[in-house]
Structures are given as C-alpha cells and as structure tokens.
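One structure is given below, encoded as structure tokens.
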Amino acid sequence: MNTYKSYGDRAKQHPNACARALLELMERKQTNLSVAVDVTKKDELLSIADAVGPYVCVLKTHIDIVEDFDSDLVEQLQLLSKKHDFMIFEDRKFADIGNTVKHQYANGIYKIASWSHITNAHTVPGEGIIKGLAEVGLPLGRGLLLLAEMSSKGALTKGSYTTESVEMARRNKDFVFGFIAQHKMNESDDEDFIVMSPGVGLDVKGDGLGQQYRTPHEVIVESGGDIIIVGRGIYGNPDKVEEQAKRYRQAGWDAYLERVRLHQK
Ligand code: S5P
C-alpha cells in the first residue's frame with residue numbers, strides 16, 4: 001500500500017471508511033486543499049465556505065470562535081458540504097481525559113460529532129482520549145486525526161512524542177486515519193496514514209505569533225504530506241478569496257502530480 005500512489009489507488013486499498021471517502025473525494029474533485037476558515041461571524045464563515053467550496057476537499061472550522069453561533073450555522077455548513085462535495089473538519093484539538101472529551105465531542109452547545117466528519121486530538125493525555133472520542137464518533141462513521149507535529153515555532157511535538165503518537169494511531173486504526181503533521185508519518189508502505197499539514201503559504205514565511213509557513217511543494221513533494229491546510233493565505237484578502245483558493249488548489253495539485261510522477265520511476 002504505497003502512500004505515494006495516487007489518491008484514487010490509495011482509496012481502493014484503505015481499511016478506514018473515513019479515509020476512503022476522503023481519498024475518493026480528492027481524486028474525484030482533483031484537490032488536496034483544505035481551507036481553514038478562522039473568522040468570527042456566521043455570515044462571513046458561510047460566505048467564504050460557499051466561495052471556496054468548489055476548490056476544497058475539506059473545510060476546516062474553529063466553531064468556538066464564531067460570536068453569533070447558532071444551530072442554523074451547522075445546518076448551512078452541512079448543506080454547503082453537500083452542494084460542493086467537501087468534508088467538514090472541526091479543528092477542536094481535544095486534549096482531556098476520555099470521559100471529558102466524550103462529552104465535549106457529543107454534547108454542549110456545539111454537538112460537534114453530529115455535523116463534523118473529521119476532528120482531531122492531542123495525544124498528551126494518552127490513549128484514553130482516542131477511546132473516549134471513538135465511543136461517540138465510530139458509530140457515526142466519523143474519523144479522527146492525531147496531532148503528531150505542530151507547525152508553530154518551539155512546538156514540543158517532536159521526538160518520542162511524535163513516534164508514540166504514531167504508535168497510538170496504529171493501535172486505533174478503526175477510528176484514527178491520519179495526522180496533523182509536517183511530514184509523512186508511516187515508515188513502511190504496509191500502512192497508510194493521511195497527513196494534513198497546516199502552516200502553508202505562498203507569499204509569507206510567518207505571522208509574528210509563531211506560525212511558520214512552507215510552500216505546497218515543500219509540504220507535498222519534499223515532506224510527503226497529503227493535504228495542505230491554508231487559512232489566511234486564502235481568506236486574508238476578502239476581495240481575493242476565490243482567486244486565492246484556485247491558486248492554492250492548483251499549487252497543491254501540481255505538487256501532488258509531481259510526487260506521483262517521481263515515485264512511478
Ligand atoms: O500545528 C498546527 C495545527 C493546526 S490544526 N498549526 C496550525 O496552524 N493549525 C491550524 O491551521 C490553525 O489552528 C489554523 O486554523 C490553521 C492555519 O491557519 P493560517 O491562517 O496560519 O494558514
């Protein structure tokens with residue numbers, strides 16, 4: 001199961017249902033772009049989601065920053081996900097014991113599990129966090145990403161933290177299908193983890209608050225990431241959202257085609 005194969009070929013072989021659906025979607029839509037829509041108003045979030053929808057495989061949200069959140073927002077997001085054929089990823093970064101995250105995932109105001117296809121978790125509390133989230137997410141067909149490496153300067157997610165996070169994923173492949181990371185995480189081709197990489201920018205190298213940007217080429221060709229996550233590079237200029245989404249989609253897809261070509265030889 002060579003993780004440098006085409007997304008379509010990987011979809012055919014992938015044991016995890018959520019990963020299969022995502023890889024099929026990427027192949028069908030020819031995009032490995034995920035847009036991080038980190039805005040604080042419902043209307044703005046929906047309008048950006050509608051504008052970038054045709055170009056993305058995954059729309060990433062931080063639902064708790066939306067000031068005028070209501071249940072209609074998630075209904076509208078779900079409609080847009082069907083209209084444009086993308087998956088929703090609530091970037092909740094769960095980080096507590098299994099019993100607590102179970103409630104944070106299923107309940108409260110946001111009821112994340114009811115609408116978000118994908119979510120993610122830090123591994124700092126140990127494997128119980130995966131077990132707790134799986135109790136809620138697995139029956140709904142949801143998928144989980146583990147944060148194995150962060151993009152920000154000075155992040156502690158390195159060395160044995162990262163390798164033990166990969167071990168946790170290996171033991172929970174029914175629910176965990178990949179990582180938020182800066183590099184490809186599987187050592188052998190017998191397994192296939194999808195790597196989503198944030199910290200992607202074509203024009204700037206940082207944001208003054210620790211974020212570090214690399215290009216789609218660096219992420220996909222040099223580091224073996226599968227999906228580029230782009231936030232401010234796309235929604236930063238409100239007049240150029242669609243234009244920038246097209247640009248990053250193209251850059252991401254070109255890098256992917258180059259990678260497939262290189263590994264065919
Ligand atoms: O290590 C990480 C993990 C994540 S999920 N670094 C990140 O930047 N992120 C998220 O990716 C972050 O929360 C934000 O939503 C997005 C990057 O946004 P940008 O505006 O810097 O592209």
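The values are calculated or read from the model by the stated rules, or taken from the named source; none is laboratory data. Remember, predicted model here, so these are calculated numbers, not experimental data. Cβ: placed from backbone, ideal geometry, glycine included. Neighbour counts: every protein chain shown. Calculation scope for accessible area: heavy atoms of the full protein, side chains included, ligands and nucleic acids excluded. Shrake-Rupley method; radii C 1.70, N 1.55, O 1.52, S 1.80 Å.
A few comments on the model shown:
- Segment 194-216-segment 78-117 distance, computed between alpha-carbon centres (Å): 24 Å
- For Gln13 and Lys246, the difference between the fully extended length at 0.36 nm per residue and the C-alpha to C-alpha distance is 80.9 nm.
- Expressed as a whole percent, the accessible surface of the chain that belongs to carbon and sulfur atoms is 51, based on a 1.4 Å probe.
- The relative contact order of the chain, computed from alpha carbon pairs under 8 Å that lie at least 6 residues apart in sequence, is 19 percent.
- Annotation: lysines with alpha-carbon distance below 22 angstrom to Lys42 (same-chain offsets under eight excluded): Lys60, Lys82, Lys83, Lys93, Lys111, Lys240.
- Segment 43-165, relative contact order [Cα under 8 Å, separation at least 6], %: 21 percent
- Taking other residues whose beta carbon is less than 12 angstrom from the beta carbon of Lys29, and scoring Lys, Arg as +1 and Asp, Glu as -1, yields -1.
- About the centre of its Cα atoms, the chain shows a dipole size close to 500 debye [charges on the beta carbon of Lys, Arg (+1) and Asp, Glu (-1) only; nearest 20 debye].
- Using a simple spin-label model with pseudo-atoms 7 Å out from Cα toward Cβ, Leu209 and His263 lie 3.4 nm apart.
- Working note: 222 nm ellipticity from helices only, DSSP H runs with n ≥ 4, each -39,500 (n - 2.57), summed and divided by the residues of the chain, gives -12000 deg cm²/dmol to the nearest 500.
- Heavy-atom surface of the chain, accessible at 1.4 Å and reported per residue (Å²): 43 Å²
- For segment 4-15, putting each phi into the Karplus relation 6.51 cos²θ - 1.76 cosθ + 1.60 with θ = phi - 60° gives couplings of 9, 6, 5, 4, x, 5, 5, 4, 4, 9, 6, x Hz, in residue order, rounded to whole numbers and with x for Gly and Pro.
- Peptides 174-186, 233-245, 154-166, 33-45 ordered by packing proxy, namely the average of other Cβ atoms within 10 Å per residue, highest first: 174-186, 33-45, 233-245, 154-166.
- Potential lengthening between Lys153 and Lys83 on full extension [0.36 nm per residue; Cα-Cα distance subtracted]: 21.5 nm
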